[in-house]
Amino acid sequence: MNRLKVEEALKHFLIEDIGDRDVSSVIFRETDIGEAIVRFKEDGVIAGLHCFKWGYGLLDEGVKVELLKSDGDYVKSGEAIVRLTGPVASLLSGERVLLNLVQRMSAIATLTAQCVETLGSSRTRIVDTRKTTPGLRMFEKYAVRAGGGFNHRIGLYDAVMLKDNHIAAAGSITKAVDRVRASLGHMVMIEVEVETEQQLQEAIAAQPHVIMFDNQTPETMTRWVKLVPSSIRTEASGGIDLNKLAAYRNTGVDVISIGALTHSVSNIDISMNLSVSSKEAVFV
């Protein structure tokens, strides 16, 4: 992740929670020093560890952050992932925001890793979609990478995807692709969504960079892949989740995009436990 962008986002997250001050922490003095251990409370894949380092760096330079694991590591329940030492007030003020973020990122990484393992293919990639939480896309897409997956386009600005509504409004796949090519430079990739074999044939003739098979059975996809020249990549999409993934293993598609990676995860349970680590740390 881009550190500048991450820190900018973390600053907003912390301000949202803390506001003018953390009124619960008025009971602590500046000399009250503590140690906190962050642990997984269930098995999973870690993602977002540097959020602790960069987040606490923004909050209080006096907080020391020791990362005990690396993003992408499989962590068992009870294992420690971070050790924090510093002013008690600062440790507690940043706790909830950073735990919330890393819990969600780790859940996405965990599900992605499960999908990659279930698919069991060295050829076909698991990728995400734009079905991300507003404001968290950078974090969620990074978590997909930490789990062994890959990113689809980041937003509307970095690649063209001509879906059913674009095609209907333009009049046809051919017209839509021609208008895009007339308007954009050669560095922008073009993807076309198809729902019928007739659309597939039209898309092949238009020669986009990628053709997406939308909501098709594994059997149909296996047949359609053979019709597409090797110069065009193929993508499977639409209602595919962990439970259905194995059926698509031998379709031959280049990419399987799964919206559930980011829109249907349940946070990994992560906790932070604080203890006094200094003789000066006397709570008032």
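The values are calculated or read from the model by the stated rules, or taken from the named source; none is laboratory data. Nothing here was measured: the structure is a model prediction, and the numbers come from that model. Neighbour counts run over all protein chains shown; Cβ positions are idealised from the backbone, glycine included.
Observations, loosely collected:
- No other residue among ALA159, ALA146 is of a type in the set (Gly, Ala, Ser), in the same structural domain as ASP241 (by TED's automatic domain parsing), more than 19 Å from GLY239 (Cα to Cα) and surrounded by 17 or more Cβ atoms within 10 Å (Cβ to Cβ) apart from ALA146.
- Scope the stretch 78-92; condition polar (S, T, N, Q) and either buried (at least 21 other Cβ atoms within 10 Å of the Cβ) or under 22 Å from the mean Cα position of the chain (by Cα) (or both); matching residues: SER90
- GLN207, sole failed condition from (1) of a type in the set (S, T, N, Q); (2) out of contact with any Gly (no Cβ under 9 Å at 6 or more places or on another chain); (3) at negative phi: (3)
- Here LEU4, LEU101, LEU10, LEU91 are screened, and the one residue that is over 24 Å from THR262 (Cβ atoms) and either assigned by TED's automatic domain parsing to the domain that holds MET138 or part of a helix (DSSP H, G or I) (or both) is LEU91.
- Residue in the stretch 52-70 that is on the phi > 0 side of the Ramachandran plot and in a loop (DSSP other than H, G, I, E, B) present: no
- Answer from ARG125, ARG96 - the residue that is more than 14 Å from the chain's Cα centre (by Cα) and not assigned by TED's automatic domain parsing to the domain that holds LEU49: ARG125
- Of all residues in the stretch 10-41, those satisfying the criterion of being crowded, with 16+ Cβ neighbours inside 10 Å and under 20 Å from the mean Cα position of the chain (by Cα) are LEU10, PHE13, PHE40.
- Flag for VAL82 being at pLDDT 95 or above, assigned by TED's automatic domain parsing to the domain that holds THR31, among the hydrophobic types (A, V, I, L, M, F, W, C) and assigned to a helix (DSSP H, G or I): no
- Where a residue in the stretch 45-62 is closer than 23 Å to GLN114 by Cα and its partner, wherever it lies, is hydroxyl-bearing (Ser, Thr, Tyr), with Cβ under 6 Å and at least six apart: VAL45/TYR74; VAL45/THR110; ILE46/SER106; ALA47/SER106
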